[in-house]
Amino acid sequence: MKTSMKTILITGAAGGIGSHLRRELAGKYRLRLSDRRTIKPLATGESFVRAELTKLGELLRAARGVDAVLHLGGYSVEGRWEDIHPANLVGCYNAFEAARLCGVKRFLFASSNHAVGFYRRDQVIDHRVPLRPDSRYGVAKAFGEALGSLYADKYGMQVFCMRIGNVNPAPLDKRRLSIWMSPRDMAQLVTIGIEHPDIRFEVVYGVSGNTRSWYDNANALRLGYRPQDDSEAFAAEVLARERPGNPRAETYQGGSFVHAESIPNPSAPVRARRRATTKGRTGKKAKREAKK
Ligand code: 15L
(Lines give C-alpha, C1' and ligand atoms only; values in the text may rest on other atoms or scores of the structure.)
Protein backbone atom coordinates (compact mmCIF):
# COMPACT_ATOMS: atom_id res chain seq x y z
CA MET A 1 0.00 0.00 0.00
CA LYS A 2 1.37 3.42 -0.93
CA THR A 3 1.36 5.85 1.98
CA SER A 4 1.06 9.52 1.08
CA MET A 5 3.99 11.81 1.70
CA LYS A 6 3.81 13.98 4.82
CA THR A 7 3.87 17.76 4.59
CA ILE A 8 6.18 19.52 7.03
CA LEU A 9 6.10 23.23 7.76
CA ILE A 10 9.60 24.59 8.40
CA THR A 11 9.66 28.05 9.95
CA GLY A 12 12.83 30.09 9.54
CA ALA A 13 13.54 27.96 6.49
CA ALA A 14 15.81 30.58 4.90
CA GLY A 15 18.39 30.13 7.68
CA GLY A 16 21.42 27.86 7.81
CA ILE A 17 19.79 24.78 9.35
CA GLY A 18 16.75 25.19 7.11
CA SER A 19 18.94 25.24 4.02
CA HIS A 20 20.77 22.05 5.05
CA LEU A 21 17.49 20.30 5.84
CA ARG A 22 15.88 21.27 2.54
CA ARG A 23 18.67 19.41 0.80
CA GLU A 24 18.75 16.45 3.22
CA LEU A 25 14.97 15.91 3.40
CA ALA A 26 14.24 16.42 -0.30
CA GLY A 27 12.09 13.64 -1.72
CA LYS A 28 11.18 12.37 1.75
CA TYR A 29 8.62 15.01 2.71
CA ARG A 30 6.69 17.80 1.07
CA LEU A 31 8.31 20.89 2.55
CA ARG A 32 6.29 24.01 3.18
CA LEU A 33 8.91 26.65 3.81
CA SER A 34 8.15 29.82 5.70
CA ASP A 35 10.26 32.82 6.56
CA ARG A 36 10.01 36.59 6.54
CA ARG A 37 12.49 36.53 3.62
CA THR A 38 11.45 35.13 0.25
CA ILE A 39 12.99 31.76 -0.56
CA LYS A 40 13.78 31.07 -4.20
CA PRO A 41 14.29 29.11 -6.26
CA LEU A 42 12.09 26.35 -4.86
CA ALA A 43 12.90 22.70 -5.52
CA THR A 44 10.39 20.01 -6.45
CA GLY A 45 8.19 19.23 -3.45
CA GLU A 46 8.73 22.66 -1.87
CA SER A 47 6.34 25.55 -1.46
CA PHE A 48 6.78 28.94 0.21
CA VAL A 49 4.45 30.84 2.53
CA ARG A 50 5.74 34.15 3.84
CA ALA A 51 5.18 34.51 7.58
CA GLU A 52 6.32 36.93 10.26
CA LEU A 53 6.61 35.05 13.54
CA THR A 54 5.02 37.95 15.38
CA LYS A 55 1.84 37.62 13.29
CA LEU A 56 -0.29 34.69 14.36
CA GLY A 57 -2.58 35.07 11.33
CA GLU A 58 0.35 34.56 8.95
CA LEU A 59 1.52 31.48 10.84
CA LEU A 60 -2.01 30.08 10.79
CA ARG A 61 -1.99 30.35 7.02
CA ALA A 62 1.36 28.56 6.91
CA ALA A 63 0.39 25.74 9.30
CA ARG A 64 -2.97 24.80 7.78
CA GLY A 65 -3.09 21.14 6.75
CA VAL A 66 0.50 20.15 7.61
CA ASP A 67 1.46 16.92 9.40
CA ALA A 68 4.18 18.47 11.55
CA VAL A 69 5.74 21.82 12.34
CA LEU A 70 9.52 22.16 12.57
CA HIS A 71 10.06 25.49 14.29
CA LEU A 72 13.52 26.80 13.42
CA GLY A 73 12.53 30.46 13.16
CA GLY A 74 13.72 33.24 15.43
CA TYR A 75 16.70 35.37 16.35
CA SER A 76 19.63 32.95 16.23
CA VAL A 77 22.25 34.44 18.56
CA GLU A 78 22.43 36.49 21.74
CA GLY A 79 20.94 39.92 21.25
CA ARG A 80 19.04 42.78 22.80
CA TRP A 81 15.82 41.96 24.61
CA GLU A 82 13.96 44.09 22.07
CA ASP A 83 15.12 41.65 19.38
CA ILE A 84 14.87 38.38 21.33
CA HIS A 85 11.43 39.04 22.79
CA PRO A 86 9.35 39.39 19.60
CA ALA A 87 11.21 36.80 17.55
CA ASN A 88 11.85 34.08 20.13
CA LEU A 89 9.14 34.45 22.76
CA VAL A 90 6.15 35.92 20.92
CA GLY A 91 7.21 34.07 17.76
CA CYS A 92 7.60 30.73 19.51
CA TYR A 93 4.25 31.13 21.26
CA ASN A 94 2.60 31.94 17.93
CA ALA A 95 4.15 28.90 16.28
CA PHE A 96 2.77 26.58 19.00
CA GLU A 97 -0.59 28.34 18.90
CA ALA A 98 -0.80 28.09 15.11
CA ALA A 99 -0.09 24.36 15.31
CA ARG A 100 -2.72 23.87 18.02
CA LEU A 101 -5.38 25.91 16.23
CA CYS A 102 -4.69 24.07 12.96
CA GLY A 103 -4.89 20.67 14.69
CA VAL A 104 -1.25 19.81 13.99
CA LYS A 105 -0.25 17.16 16.52
CA ARG A 106 3.49 16.94 15.96
CA PHE A 107 5.80 19.85 16.84
CA LEU A 108 9.58 19.84 16.60
CA PHE A 109 11.24 22.70 18.42
CA ALA A 110 14.79 23.85 17.65
CA SER A 111 16.03 24.44 21.17
CA SER A 112 19.70 25.06 21.71
CA ASN A 113 22.79 24.12 23.66
CA HIS A 114 22.48 27.65 25.07
CA ALA A 115 19.46 26.61 27.16
CA VAL A 116 22.04 24.72 29.26
CA GLY A 117 25.16 26.72 28.37
CA PHE A 118 26.12 27.57 31.95
CA TYR A 119 27.15 23.98 32.66
CA ARG A 120 30.91 23.69 32.83
CA ARG A 121 32.91 22.01 30.13
CA ASP A 122 34.20 19.38 32.57
CA GLN A 123 30.62 18.12 33.06
CA VAL A 124 28.62 15.67 30.98
CA ILE A 125 24.92 16.49 31.06
CA ASP A 126 21.84 14.59 29.95
CA HIS A 127 18.29 15.63 29.00
CA ARG A 128 17.13 15.65 32.64
CA VAL A 129 19.44 18.35 34.05
CA PRO A 130 17.86 21.62 35.23
CA LEU A 131 18.02 24.33 32.60
CA ARG A 132 20.97 26.74 32.94
CA PRO A 133 20.62 29.30 30.15
CA ASP A 134 23.71 31.31 29.30
CA SER A 135 22.03 34.34 27.68
CA ARG A 136 18.72 36.00 26.91
CA TYR A 137 18.75 33.83 23.80
CA GLY A 138 19.18 30.74 26.02
CA VAL A 139 16.33 31.87 28.28
CA ALA A 140 14.09 32.14 25.23
CA LYS A 141 14.98 28.57 24.24
CA ALA A 142 14.17 27.44 27.79
CA PHE A 143 10.83 29.23 27.40
CA GLY A 144 10.18 27.29 24.19
CA GLU A 145 10.86 24.00 25.94
CA ALA A 146 8.50 25.00 28.75
CA LEU A 147 5.82 25.89 26.18
CA GLY A 148 6.35 22.49 24.58
CA SER A 149 5.78 20.81 27.93
CA LEU A 150 2.59 22.81 28.44
CA TYR A 151 1.22 22.02 24.98
CA ALA A 152 2.02 18.33 25.45
CA ASP A 153 0.32 18.12 28.86
CA LYS A 154 -2.59 20.41 28.19
CA TYR A 155 -3.40 19.81 24.54
CA GLY A 156 -1.88 16.37 23.89
CA MET A 157 0.57 17.73 21.36
CA GLN A 158 3.58 15.50 20.60
CA VAL A 159 6.59 17.72 21.18
CA PHE A 160 10.20 16.97 20.28
CA CYS A 161 12.74 19.50 21.62
CA MET A 162 16.20 19.32 20.08
CA ARG A 163 18.94 21.16 21.98
CA ILE A 164 20.95 21.79 18.87
CA GLY A 165 24.70 22.31 19.07
CA ASN A 166 26.09 23.74 15.84
CA VAL A 167 25.01 22.41 12.45
CA ASN A 168 27.68 22.80 9.83
CA PRO A 169 29.45 20.67 7.25
CA ALA A 170 32.54 20.87 9.54
CA PRO A 171 33.13 22.01 13.14
CA LEU A 172 34.26 25.63 13.34
CA ASP A 173 36.44 25.64 16.47
CA LYS A 174 37.41 23.75 19.63
CA ARG A 175 34.07 24.35 21.38
CA ARG A 176 32.16 23.13 18.36
CA LEU A 177 34.17 19.85 18.40
CA SER A 178 32.02 19.01 21.45
CA ILE A 179 28.67 20.22 20.07
CA TRP A 180 28.97 19.77 16.30
CA MET A 181 26.17 18.24 14.27
CA SER A 182 26.54 17.24 10.66
CA PRO A 183 23.64 18.08 8.33
CA ARG A 184 22.87 14.39 7.71
CA ASP A 185 22.75 13.64 11.45
CA MET A 186 20.45 16.65 11.88
CA ALA A 187 18.17 15.22 9.19
CA GLN A 188 18.16 11.83 10.90
CA LEU A 189 17.15 13.36 14.24
CA VAL A 190 14.43 15.47 12.62
CA THR A 191 13.09 12.36 10.88
CA ILE A 192 12.85 10.60 14.26
CA GLY A 193 11.00 13.63 15.62
CA ILE A 194 8.51 13.43 12.75
CA GLU A 195 8.08 9.65 12.57
CA HIS A 196 8.56 8.11 16.01
CA PRO A 197 5.19 6.77 17.16
CA ASP A 198 5.72 7.29 20.91
CA ILE A 199 6.59 10.93 21.35
CA ARG A 200 4.75 12.91 24.01
CA PHE A 201 7.32 15.42 25.23
CA GLU A 202 10.97 14.64 24.60
CA VAL A 203 14.23 16.55 25.02
CA VAL A 204 17.23 15.34 23.03
CA TYR A 205 20.60 16.85 22.11
CA GLY A 206 21.09 17.80 18.48
CA VAL A 207 24.71 16.71 18.15
CA SER A 208 26.65 14.14 16.14
CA GLY A 209 28.36 11.19 17.84
CA ASN A 210 31.30 13.35 18.88
CA THR A 211 34.14 11.78 20.89
CA ARG A 212 34.44 15.08 22.81
CA SER A 213 30.72 15.45 23.46
CA TRP A 214 29.52 17.18 26.65
CA TYR A 215 26.19 15.37 26.39
CA ASP A 216 24.88 12.01 27.39
CA ASN A 217 22.40 11.72 24.53
CA ALA A 218 20.78 8.56 25.89
CA ASN A 219 17.27 9.83 25.17
CA ALA A 220 17.97 10.32 21.48
CA LEU A 221 19.64 6.90 21.29
CA ARG A 222 16.62 5.34 23.02
CA LEU A 223 14.42 6.79 20.28
CA GLY A 224 16.62 5.20 17.61
CA TYR A 225 19.12 7.98 16.77
CA ARG A 226 22.34 6.52 15.36
CA PRO A 227 24.64 9.42 14.45
CA GLN A 228 26.92 8.74 11.53
CA ASP A 229 29.48 11.47 12.14
CA ASP A 230 32.06 12.36 14.80
CA SER A 231 33.87 15.73 14.91
CA GLU A 232 37.08 13.93 15.86
CA ALA A 233 37.83 13.49 12.17
CA PHE A 234 38.37 17.29 12.05
CA ALA A 235 40.05 17.68 15.46
CA ALA A 236 43.70 18.00 14.42
CA GLU A 237 42.91 20.65 11.81
CA VAL A 238 40.58 22.61 14.14
CA LEU A 239 42.97 22.55 17.12
CA ALA A 240 45.93 23.64 14.99
CA ARG A 241 44.21 26.96 14.21
CA GLU A 242 42.68 27.50 17.69
CA ARG A 243 43.87 30.59 19.64
CA PRO A 244 43.32 31.09 23.41
CA GLY A 245 40.02 32.86 24.12
CA ASN A 246 38.20 34.54 27.00
CA PRO A 247 38.77 32.37 30.13
CA ARG A 248 35.15 32.68 31.28
CA ALA A 249 33.89 31.65 27.85
CA GLU A 250 36.28 28.69 27.86
CA THR A 251 35.03 27.48 31.24
CA TYR A 252 31.43 27.03 30.19
CA GLN A 253 29.78 25.01 27.46
CA GLY A 254 27.98 28.04 26.03
CA GLY A 255 31.27 29.77 25.12
CA SER A 256 31.05 33.47 24.31
CA PHE A 257 27.30 33.55 24.99
CA VAL A 258 28.10 33.48 28.75
CA HIS A 259 29.60 36.97 28.58
CA ALA A 260 28.09 38.42 25.41
CA GLU A 261 25.88 41.38 26.14
CA SER A 262 24.79 41.88 22.59
CA ILE A 263 26.41 40.36 19.56
CA PRO A 264 26.13 42.93 16.77
CA ASN A 265 23.80 41.90 14.00
CA PRO A 266 23.66 44.55 11.30
CA SER A 267 20.57 42.99 9.74
CA ALA A 268 18.42 43.36 12.87
CA PRO A 269 15.52 45.67 12.07
CA VAL A 270 15.17 47.14 15.58
CA ARG A 271 18.82 48.09 15.58
CA ALA A 272 18.36 49.77 12.23
CA ARG A 273 15.31 51.63 13.56
CA ARG A 274 17.27 52.73 16.63
CA ARG A 275 20.06 54.04 14.43
CA ALA A 276 17.51 55.95 12.39
CA THR A 277 15.91 57.44 15.52
CA THR A 278 19.26 58.46 16.93
CA LYS A 279 20.03 60.20 13.68
CA GLY A 280 16.68 61.97 13.84
CA ARG A 281 17.31 63.25 17.35
CA THR A 282 20.71 64.49 16.40
CA GLY A 283 19.18 66.30 13.45
CA LYS A 284 16.55 68.11 15.60
CA LYS A 285 19.08 68.97 18.26
CA ALA A 286 21.32 70.41 15.59
CA LYS A 287 18.42 72.50 14.29
CA ARG A 288 17.66 73.77 17.83
CA GLU A 289 21.31 74.64 18.28
CA ALA A 290 21.25 76.51 15.00
CA LYS A 291 18.18 78.59 16.11
CA LYS A 292 19.87 79.76 19.33
C1 15L B 1 22.97 28.43 18.55
O2 15L B 1 21.99 28.11 19.20
C3 15L B 1 22.90 29.48 17.51
O4 15L B 1 21.65 29.52 16.87
C5 15L B 1 23.98 29.36 16.49
O6 15L B 1 24.03 30.60 15.80
C7 15L B 1 25.33 29.05 17.12
O8 15L B 1 25.76 30.16 17.87
C9 15L B 1 25.22 27.82 17.98
O10 15L B 1 24.18 27.94 18.91
C11 15L B 1 26.53 27.52 18.74
O12 15L B 1 26.51 27.43 19.97
O13 15L B 1 27.53 27.34 18.07
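Couple of notes before you dig in:
- Annotation note: Cβ proximity below 7 Å between a residue of the range 161-177 that is assigned by TED's automatic domain parsing to the domain that holds L72 and a residue that is within 11 Å of the ligand (Cβ to nearest atom) and basic (K, R) (sequence gap 6+ or interchain) occurs for N166/R176.
- Output for the range 143-153, where each listed residue is in contact (Cβ under 8 Å) with a residue 24 or more places away in the chain and either more than 18 Å from E78 (Cβ to Cβ) or more than 12 Å from the ligand (Cβ to nearest atom) (or both): F143, E145, L147, G148, S149, Y151, A152, D153
- The C-beta contact set for the range 109-128 (first residue more than 18 Å from F143 (Cα to Cα), second residue within 15 Å of the ligand (Cβ to nearest atom) and among the small types (G, A, S), distance under 8 angstrom, 6+ apart or interchain) comprises R121/S178; V124/S213.
- Odd one out for L172 among (1) part of a loop (DSSP other than H, G, I, E, B); (2) closer than 16 Å to A115 by Cβ: (2)
- Which numbered condition G206 misses (of (1) modelled with pLDDT under 95; (2) buried (at least 21 other Cβ atoms within 10 Å of the Cβ)): (1)
- When H114, H85, H127 are screened for being surrounded by 17 or more Cβ atoms within 10 Å (Cβ to Cβ) and within 16 Å of the ligand (Cβ to nearest atom), only H114 passes.
- Taking every residue in the range 4-22 that is within 18 Å of R61 (Cβ to Cβ) and free of Cβ contacts under 8 Å to residues at least 60 places away in the same chain and pairing it with any residue that is within 15 Å of the ligand (Cβ to nearest atom) and polar (S, T, N, Q), at least 6 positions away or on another chain, yields no pair with a Cβ-Cβ distance below 6 Å.
- Residues in the range 175-207 that are more than 16 Å from the ligand (Cβ to nearest atom) and either on the phi > 0 side of the Ramachandran plot or in a strand (DSSP E or B) (or both): F201, E202.
- Residue that is without any contact (Cβ under 8 Å) to a residue 24 or more places away in the chain, surrounded by fewer than 18 Cβ atoms within 10 Å (Cβ to Cβ) and away from the ligand (no atom under 14 Å from the Cβ), where the choices are G156, G103: G103
- Candidate set: the range 90-100, residues that are in contact with a Phe, Trp or Tyr (Cβ under 6 Å, 6 or more places away or on another chain) and among the hydrophobic types (A, V, I, L, M, F, W, C); chosen: the one farthest from the ligand (Cβ to nearest atom): A99
- Of the residues making up the range 4-18, those that are small (G, A, S) and surrounded by 15 or more Cβ atoms within 10 Å (Cβ to Cβ) are G12, A13, A14, G15, G18.
- Subset of the range 249-261 that is within 15 Å of the ligand (Cβ to nearest atom) and assigned to a loop (DSSP other than H, G, I, E, B) - its residue that is farthest from the chain's Cα centre (by Cα): H259
- Residue list for the range 221-248, filter: without any contact (Cβ under 8 Å) to a residue 40 or more places away in the chain and either within 14 Å of the ligand (Cβ to nearest atom) or not in a loop (DSSP other than H, G, I, E, B) (or both): L221, R222, A233, A236, E237, A240, G245, P247, R248
The values are calculated or read from the model by the stated rules, or taken from the named source; none is laboratory data. Source: prediction; values computed, not measured. Methodologically, a virtual Cβ is constructed for each residue, glycine included, from the backbone with ideal geometry; neighbour enumeration extends over all protein chains shown.
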